[in-house]
Amino acid sequence: MPDELTQNLLHFISRCPTAFHAAAAMKKALVYSGFEELPEENPWTVQWGGRYVVTRNGSALIALTLPAQPAGAFRLAAAHGDSPALKIKENPELCDAYYIRLNVEGYGGLICSTWTDRPLSVAGRVMTEENGKITSRLVCVDRDLLVIPSLAIHMNRSVNESCSWNIQKDLLPLYGEAEDRGAFMKLIAREAGLDDPSRILGHDLFLYSRIPGTVWGARSEFLSSPRLDDLQCAFAAFRGFTEGKKEKYICVNCLFDNEETGSHTRQGAASDFLESTLRRITEGLGLTYDQYKSMLARSFMLSADNAHGVHPNYEDLSDPVNRPVLNGGVVLKFNAAQKYCTDAVSAALFRQLCQRAHVSCQSFANRSDMAGGSTLGNLSAVRVPVPTADIGLPQLAMHSSWETAGVRDTADLVNVCSLLFE
Ligand code: CO
């Protein structure tokens, strides 16, 4: 039986098949505990002691708490709610004489092979008109609905030597038989509570894996699940934000969208979402631009996105010494080109925080001859120039549809975030 935190993590991930669901789940929990929603399209009234939540596009969220006494700095954490997936295109059905397949395209850098031969379904949002207004409805088809069958080895003799993937050819999921032509959007309409598919005016629908997360290993020390990148960090930072005392600073917890496609959207970390929210909050409190900028300079931000653990079968692909292990603690990421924005200053601040929280901290760097990935910290820090550390939890198989991490690491990030927000 997994510990309670791991159970909660796996439950959160299973309830959040898309970024829309992650933002909605967090908003629901915040509003339930008394946070006031500030719609971006209305003027805001804010005061010291207030607790607020702002969303953008239904897929990005910023939660803020203002202490009762005026504060002179922010404490921030950010993660992302999107994961690599296959996205359903317009006119989704591809029908031949026998079968219906769905027309999909890639979202983010997915490992294609991991989407085949497993139960899949569909989730996302649809837009419809209600009383003259365009409104959004979340959709999650909660049953095994689709499979992308791989090709038999007899028709692809080189499958175990090398394999290339063409999404338009190899990754179209099988949905039904030809007689059910037109059924897919009817199903989506029904799931959205709409009587007719013509009422769907727009959709953002993704395939998601139905394989549930699980805990395994000699002492049940590992967990595998879809979307650990980055829902494990998003969950842990949110839990730390909820548990932290939040008495001294303006505490800010962010969930951004579209990290997997580069963050350059209006709900991504490179947008003005965080900047505009902090500006509107500080102006609402009667603080000047000068005060806002001086507060930023006194602030600290954690950008939390999962990190590569050393793979036991491919140790040579990791840096000789900066190679995190699962269950070794939170990872601090370094990169000379500043794809990770950790520097000596933010590293020191983070290591001090880890020492005080009694949490182990490991360091990650790419091999010097490998490019590696990127994340959201450096993009966010351009708009909101706060000293920022890029951190994460160690995992294997990043961007697989079923990723692997350490059971004990989640609590470390919760503890360090809850101290950040103390
Ligand atoms: Co990530």
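A few notes on this one:
- Looking only at the range 143-167, and only at residues there that are of a type in the set (D, E, K, R) and in contact with a strand residue (DSSP E or B) (Cβ under 7 Å, 6 or more places away or on another chain), the one that is most open to solvent (accessible area, probe 1.4 Å): ARG143
- Only one of LEU102, LEU94, LEU5, LEU86 that is open to solvent by 20 Å² or more (accessible area, probe 1.4 Å) and within 30 Å of TRP165 (Cα to Cα): LEU94
- Within the range 28-62, considering residues that are open to solvent by 40 Å² or more (accessible area, probe 1.4 Å) and among the β-branched types (Val, Ile, Thr), the one nearest to the chain's Cα centre (by Cα): VAL31
- In summary, strands (runs of 3 or more DSSP E) completely within the range 88-169 and bearing 3 or more residues that are closer than 16 Å to ALA189 by Cα occur at 120-130, 133-140.
- Helices (runs of 4 or more DSSP H) contained in the range 317-422 and holding at least 3 residues touching a Gly at 6+ places or on another chain (Cβ under 9 Å): 409-420
- For the range 66-84, residues that are within 16 Å of the ligand (Cβ to nearest atom) and either hydroxyl-bearing (Ser, Thr, Tyr) or over 12 Å from the mean Cα position of the chain (by Cα) (or both) total 2.
- Scanning the range 370-391 for residues that are more than 12 Å from the ligand (Cβ to nearest atom) and among the small types (Gly, Ala, Ser), we see that the one that is modelled with the lowest pLDDT is GLY372.
- Test result for PHE364, within 16 Å of the ligand (Cβ to nearest atom) and not basic (Lys, Arg): yes
The values are calculated or read from the model by the stated rules, or taken from the named source; none is laboratory data. These numbers come from a predicted model, not from an experiment. Ideal geometry is used to build each Cβ from the backbone, glycine not excepted, and the neighbour counts take in all protein chains shown. Keep in mind that these areas ignore ligands, DNA and RNA; they rest on the heavy atoms of the full protein, side chains included. Shrake-Rupley method; radii C 1.70, N 1.55, O 1.52, S 1.80 Å.
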